[in-house]
1. Taking the stretch 85-122 as the region of interest, how many residues are assigned to a loop (DSSP other than H, G, I, E, B), over 20 Å from Asn182 (Cβ atoms) and in contact with a Lys or Arg (Cβ under 8 Å, 6 or more places away or on another chain)?
2. Looking at the stretch 63-84, which of its residues are out of contact with any Pro (no Cβ under 9 Å at 6 or more places or on another chain), under 12 Å from Asp103 (Cβ atoms) and assigned to a helix (DSSP H, G or I)?
3. Is there any pair with a first residue in the stretch 170-184 that is free of Cβ contacts under 8 Å to residues at least 60 places away in the same chain and a second that is assigned to a helix (DSSP H, G or I) and of a type in the set (A, V, I, L, M) whose Cβ atoms are under 6 Å apart and which are 6 or more apart or on different chains, and what are they?
4. Here is a check on your reading of the model: is Gly42 at pLDDT 90 or above and either basic (Lys, Arg) or part of a loop (DSSP other than H, G, I, E, B) (or both)?
5. Name, by its number, the condition in (1) part of a helix (DSSP H, G or I); (2) exposed (fewer than 12 other Cβ atoms within 10 Å of the Cβ) that does not hold for Glu184.
6. Are any of the residues in the stretch 141-148 in a loop (DSSP other than H, G, I, E, B), surrounded by 12 or more Cβ atoms within 10 Å (Cβ to Cβ), at pLDDT 95 or above and on the phi > 0 side of the Ramachandran plot?
7. Out of all the residues in the stretch 65-74, which are crowded, with 19+ Cβ neighbours inside 10 Å and either among the charged types (D, E, K, R) or within 17 Å of Asp168 (Cα to Cα) (or both)?
8. Please indicate, with yes or no, whether at least one residue in the stretch 101-113 is surrounded by 21 or more Cβ atoms within 10 Å (Cβ to Cβ), among the charged types (D, E, K, R) and either at positive phi or modelled with pLDDT of 95 or more (or both).
Amino acid sequence: MTSVKRRVSGRAEALRASRAHRPAHLADGTWRSRVRHRPEPGGGGGGRTEPAPRVLLVDDEGAIRTIVRVNLESDGMTVVEAADGREALERVRQQQPELVLLDVMMPDVDGWQFAEQLVEDPATRDLPVVFISARASREDRLRAQELGAVGYVTKPFDPLGLGARVRDILARIERGEREQLNRELLEET
């Protein structure tokens with residue numbers, strides 16, 4: 001086993017063990033919110049906390065989902081996973097994430113189709129989408145921009161920096177910079 005796989009596997013096991021005592025759902029079958037709180041950056045011990053962002057991760061490759069989930073969870077985020085666009089549509093309605101990390105090339109309903117469905121639905125059209133794809137052409141970025149995406153990450157990418165990027169995007173959206181993020185899609189390398 002490579003050192004990266006061991007490290008990821010070890011982090012995943014530690015996270016599962018730390019959550020083992022918390023039930024995932026209530027007795028009536030509904031899901032309990034797993035919102036965790038994290039001190040604000042530069043906290044200074046004031047006791048103020050911000051809710052953990054809930055991120056929907058959509059990718060058909062289980063290894064990528066595991067690596068991304070482990071890194072985002074270690075950065076204090078709540079991660080919901082889906083293996084394709086059809087499953088992701090269900091998760092959006094059930095979990096109401098603050099942001100979607102979306103692979104483009106998937107079986108059944110691909111990332112483009114999923115994003116189009118989000119845009120067409122008034123309840124989800126404002127949900128921020130960050131595409132994660134091996135497709136790096138200007139045409140792909142332009143299509144993402146036309147679908148209202150707020151970010152585009154090209155595979156392979158550094159999963160350790162993804163949490164900071166997600167937090168930055170969410171902070172910029174909160175400051176009203178969503179259109180600027182969308183325009184920047186064609187400027188990124």
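The values are calculated or read from the model by the stated rules, or taken from the named source; none is laboratory data. The shown structure was predicted, so the numbers you read here are calculated from the model rather than taken from an experiment. Here the Cβ positions follow ideal geometry from the backbone for every residue, glycine too, while neighbour counts run over all protein chains shown.
1. Initially, the stretch 85-122 is screened for residues assigned to a loop (DSSP other than H, G, I, E, B), giving 96-98, 104-110, 121-122.
Still in the list and also over 20 Å from Asn182 (Cβ atoms): 96, 105-110.
Then drop every residue that is not in contact with a Lys or Arg (Cβ under 8 Å, 6 or more places away or on another chain), which leaves 96, 105, 108-109.
Adding up the residues that qualify gives 4.
2. Passing the criteria: only Arg65.
3. Listed pairs, sorted by first residue: Arg172/Leu181.
4. Details: at pLDDT 90 or above: no; either basic (Lys, Arg) or part of a loop (DSSP other than H, G, I, E, B) (or both): yes.
In short, no.
5. Condition not satisfied by Glu184: (2).
6. Narrowing the stretch 141-148 to residues in a loop (DSSP other than H, G, I, E, B): 147-148.
Next cut, surrounded by 12 or more Cβ atoms within 10 Å (Cβ to Cβ) only: 147-148.
Cutting the leftovers down to at pLDDT 95 or above gives us 147-148.
Keeping just the survivors that are on the phi > 0 side of the Ramachandran plot gives 148.
For the stretch 141-148, residues in a loop (DSSP other than H, G, I, E, B), surrounded by 12 or more Cβ atoms within 10 Å (Cβ to Cβ), at pLDDT 95 or above and on the phi > 0 side of the Ramachandran plot: present.
7. Arg65, Val68, Arg69, Asn71, Leu72, Glu73
8. Taking every residue of the stretch 101-113 in turn, at least one turns out to be surrounded by 21 or more Cβ atoms within 10 Å (Cβ to Cβ), among the charged types (D, E, K, R) and either at positive phi or modelled with pLDDT of 95 or more (or both).
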